[in-house]
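All of the numbers you see were taken from the coordinates with simple rules; none came from a lab. Since the model is a prediction, treat every value here as computed from it, not as a measurement. Every residue, glycine among them, receives a Cβ derived from its backbone with ideal geometry; neighbour counts consider all protein chains shown.
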Amino acid sequence: MVGENVHSLESIRSSVPKLFGVPSGVEGLDNMFYKVEITDGKVVKSPLGGYPYLGVINITGVADTGKSLMVEQFAVKQASLGFRTMFVTVETPKEFIAQSLMSRAKAMGIDFDDISGNLFIVDAASNHRLREDLDYLLDTMAYGIKTYNIKNTVIDSVTGLFEAKEVLARSVVRKIYNFLKKWYQTALLVSQKRSSSEEMSAEAAGGYGVAHIVDGTIVLYKKLIMTKFESNLYKVPIGSVVRLFRIDGCRMTGHDSRTYIFEITDTGLVRILSPLDEYIRG
Ligand SMILES: Nc1ncnc2c1ncn2[C@@H]1O[C@H](COP(=O)(O)OP(=O)(O)O)[C@@H](O)[C@H]1O
Ligand SMILES: [Mg+2]
């Protein structure tokens, strides 16, 4: 029965998903993904308006760079638009994630009562078996997706699923990736970078197992300003933190590949400001 594994492009054609944007809830991000169309022989770029639909996007960075804030913003935004979203928490127990989601909603001006019915949490932080047994976790997620008609999935973080067994990173992530594709999810995976070497790349622990498998990677970076040179360059006092953001790659769509300055607002929202070169030129 090997023949059934060979498909003509014609037979696949009708099941090719449409390409459009899924709003991220992060100011300044949605138009960084774009699609390219050829109209009258001219190449026209048009903004996608969010993460690519059905894309599995990896968000990576060292600790405290804003990864969790970004995925929480996505979950809240999607829930507010009526799209049910599953939040798989691997590090933080559900009560604390709920608290974070409530803060994010408040900061985004979204009434929590309007979205709470659209948010579903799988607590792999509190349940040992969910965290250690990937098949059990995926069965649980499949149940949730089916039962509640869930459209988006967030996992914070996948790194927590292969802790102390990093050789398995790629196989864990590939299994999750295949699962998310099978269930037609638009998904964000957080992966932790442990090493600060090559900070703005997706490589180093956490990043390396993931970047080759997923559809796209976003890298977050924070830089502590310690020299006069950097202080002049970035126009901030010595001792302050400059936050940098970059879409490292995306196989599904065109994307802005410049490095951006971003901020985390006092209310805890990631907000993309401007391309680094423009910022530096003033
Ligand atoms: N109101 C706020 N709520 C949460 N985090 C905030 C807030 N204001 C600023 N922050 C900053 O955002 C960081 C949290 O980012 P987070 O998304 O949790 O990081 P990561 O998931 O990358 O480790 C904190 O370390 C803090 O510096
Ligand atoms: Mg986090």
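Some observations on this one:
- Among beta bridges from DSSP that stay inside segment 17-281, the antiparallel ones total about 55%.
- Sorted peptide list for 54-65, 25-36, 230-241, 255-266, criterion being average Cβ within 10 angstrom, highest first: 54-65, 25-36, 255-266, 230-241
- Footprinting exposure proxy ranking of Met1, Met102, fewest other C-beta atoms within 10 angstrom first, gives Met1, Met102.
- Kirkwood hydrodynamic radius of the chain, Cα pairs, Å: 19.8
- Simple point charges give the picture: +1 on the Cβ of Lys and Arg, -1 on the Cβ of Asp and Glu, and for the chain a dipole about the Cα centre of about 360 debye.
- Here's the list of aspartates and glutamates a cross-link from Lys106 could span, going by alpha-carbon distance under 17 Å and ignoring same-chain residues fewer than 8 apart: Glu27, Glu72, Glu95, Asp114, Asp266.
- Listed peptides 168-177, 215-224 by packing density, highest first (mean Cβ within 10 Å): 215-224, 168-177
- The chain: calculated mean residue ellipticity at 222 nm from DSSP helix runs of at least 4, using -39500 (n - 2.57): -8500 deg cm²/dmol
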